[in-house]
Amino acid sequence: MTKRFMPHVFFLGVVVLTLVSISVVFQVYDFRKDFSYLQTLKQDEVNYEVRWGQLLLEQSALTQPSRLEQAAIRDLKMRAPTQDELVIVKP
């Protein structure tokens with residue numbers, strides 16, 4: 001190359017390097033933003049799993065036979081039938 005073209009090549013190199021650097025900066029920014037969003041989603045997943053476990057425990061506690069019997073007696077005023085009230089039907 002001649003000395004006349006050296007400044008142009010140098011300037012072109014600087015422009016290309018600048019554009020590549022700006023592109024890398026944008027890519028790193030996008031990566032960090034997406035990674036932060038992923039971390040937020042993972043934390044949400046953990047929170048939902050904890051809440052799901054709590055709901056399963058609550059469901060198992062609410063469906064205990066003794067609890068159902070107590071609720072039937074207290075809220076619905078139900079009782080076991082006496083011997084006189086029982087009717088046995090034979091096939």
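The values are calculated or read from the model by the stated rules, or taken from the named source; none is laboratory data. Please read all numbers here as calculations on a predicted model, not as lab measurements. Note that each Cβ is placed from the backbone with ideal geometry, even for glycine, and that neighbours are counted across all protein chains shown. Accessible surface is based on the protein model in full, side chains and every heavy atom, while ligands, DNA and RNA are left aside. Shrake-Rupley method; radii C 1.70, N 1.55, O 1.52, S 1.80 Å.
Summary table below
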read-out	value
Among Ala80, Pro65, Leu55 the positive-end extreme of the charge dipole of the chain (Cβ point charges)	Leu55
Spin-label model distance (nm) - Val46 vs Val25, 7 Å beyond Cα toward Cβ	3.4 nm
Residue-averaged 222 nm ellipticity for the chain, from DSSP H runs of 4+ at -39500 (n - 2.57), nearest 500	-27500 deg cm²/dmol
Heavy-atom accessible surface of the chain: percent carbon and sulfur, 1.4 Å	66 percent
Probe 1.4 Å, accessible area per residue of region 1-55, Å²	99 Å²
Angle in degrees between helix 6-62 and the longest Cα principal axis of the chain, rounded to the nearest 10	10 degrees
Kirkwood hydrodynamic radius over Cα pairs of the chain, then Stokes diffusion coefficient at 20 °C and 1.002 mPa s, in µm²/s	101 µm²/s
